[in-house]
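The values are calculated or read from the model by the stated rules, or taken from the named source; none is laboratory data. Just so it is clear, the structure is predicted and the values come from calculations on it, not from any experiment. Here the Cβ is made from the backbone with ideal geometry for all residues, glycine too, and neighbour counts use every protein chain on show.
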Amino acid sequence: MACFAQSAYIRPRCTTVVYPLVWFLLMLFPKPRTLARLAAALAALPLAACNLVVMKPSGDIAAQQAQLVVTSTLLMLIIIIPVIALTLLFAWRYRQSNQEAIYTPDWDHSTKLELLIWGAPLLIIIALGALTWISTHKLDPYRPLDRIDAARALPADVKPLEVQVVALDWKWLFIYPEQGIATVNELAAPVDRPIRFRITASTVMNSFYVPALAGQIYAMPGMETSLHAVINQAGVYDGFSANYSGAGFSHMRFKFQGLSDADFTKWVDSNKAQGAPLDRAVYTELEKPSEREPVRRYASVDKALYDAILNRCVDTNKMCTGQMMAIDAAGGLGKGSVTGVASRTWREADQTYVAAICTPENPDGRPLLARP
């Protein structure tokens, strides 16, 4: 069960040990009755072969999510266990061979029984609804953290580490704007320091997921999602894409390192010493589809690169989506301006074309959109 519940997170032993063993036993014991007994005995084997990191994570957000799963399951078992037990009891108590069982073919109603049958599930649903409402707001990925873990509140002077995440075909780009570095297929963060992920994609929808850290969240081109999380234990953890995105999806994996403050500083310095600059030209080459990419490090990053990726204008001959929306909000340019728009360069950050075409020439004081 655990193997299949974590579809993209299956440890090798699930396939290299359990499944060949099952195949061998099927060949050795072909009789149906023997197979049924063997199947029952081997049903729990995959549980021992898979990593249960989802239920034993190292980050506070993921730990709260795991506790939510446990609590919800226990609440549902309050109904499931008695129903299963009573089903077996009734089948045994009222079997045909039991002549002592009371036979009442005309019985059709009991108010007390009806209250019990409908009241208990109703209370469970109310409890689950309240739990869902609270946890939906408390564990909102866009909500900044208010604690480091269950025993420690977040100090007021702690600044979250910002990481800009870009899902490429088929690799991950991580940009650290504060540190001025970037990496491919390698992510690191200090232990017990909040992390704010800003997430987008270059082409198709993906899903950013580090099971030990927090739940998955989608990465979409032209859009930005956010995730707040914290890692509480030092170590190296697996991260991957949890949404199918094409031929190289299976190898779209990376390592997430939880480091001490000193080790994180050394990691940043190492990236600055070993890496190369990451600008728009380098990114354009990096963006091309590729599989099984090794770890890459960049010592410096164009400060406007992430916003250009998000706004679909890494190519400076293209208008950014933010500028398009500003023009639309101002009333649009009309068909006659399409040619002029296509010939413009949109690289200037301080003097955008939107500002250049807005002039207060209307009698009512509203901006007039002139043809370029």
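Yes/no per residue for (1) within 26 Å of ASN232 (Cβ to Cβ); (2) surrounded by 10 or more Cβ atoms within 10 Å (Cβ to Cβ); (3) modelled with pLDDT of 90 or more:
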site	(1), (2), (3)
ILE81	no, yes, yes
TYR94	no, yes, no
ASP106	no, no, no
ILE117	no, yes, no
ILE126	no, yes, yes
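Scanning the stretch 279-289 for residues that are under 26 Å from the mean Cα position of the chain (by Cα) and either within 16 Å of THR183 (Cβ to Cβ) or not polar (S, T, N, Q) (or both) returns TYR283, LEU286, GLU287, LYS288, PRO289.
Just the residues that are under 19 Å from the mean Cα position of the chain (by Cα) and among the hydrophobic types (A, V, I, L, M, F, W, C), please, taken from the stretch 174-205. Correct list: PHE174, ILE175, VAL184, LEU187, ALA188, ALA189, ILE195, PHE197, ILE199, ALA201, VAL204, MET205. Only a single item in (1) closer than 22 Å to ALA219 by Cα; (2) not in a strand (DSSP E or B) is not met by ASN271, and it is number (1).
One residue is enough: does the stretch 120-143 have a residue meeting the conditions of a type outside the set (Lys, Arg), farther than 30 Å from MET76 by Cβ and assigned to a loop (DSSP other than H, G, I, E, B)? Among the residues of the stretch 120-143, not one is of a type outside the set (Lys, Arg), farther than 30 Å from MET76 by Cβ and assigned to a loop (DSSP other than H, G, I, E, B), which makes the answer no. Total residues in the stretch 233-266 satisfying the condition of being farther than 13 Å from TRP170 by Cα and part of a strand (DSSP E or B): the figure is 10. When the test is whether a residue is part of a strand (DSSP E or B) and over 30 Å from ARG147 (Cβ atoms), PRO277 passes it. When SER300, SER343, SER337 are screened for being surrounded by 11 or more Cβ atoms within 10 Å (Cβ to Cβ), among the hydroxyl-bearing types (Ser, Thr, Tyr) and either within 26 Å of THR203 (Cα to Cα) or modelled with pLDDT of 65 or more (or both), only SER300 passes.
Filtered by the rule that a residue be touching a residue at least 24 places away in the same chain (Cβ under 8 Å) and assigned to a helix (DSSP H, G or I), the stretch 286-329 gives LEU286, LEU305, TYR306, ALA308, ILE309, LEU310, THR321, GLN323, ALA326, ILE327.
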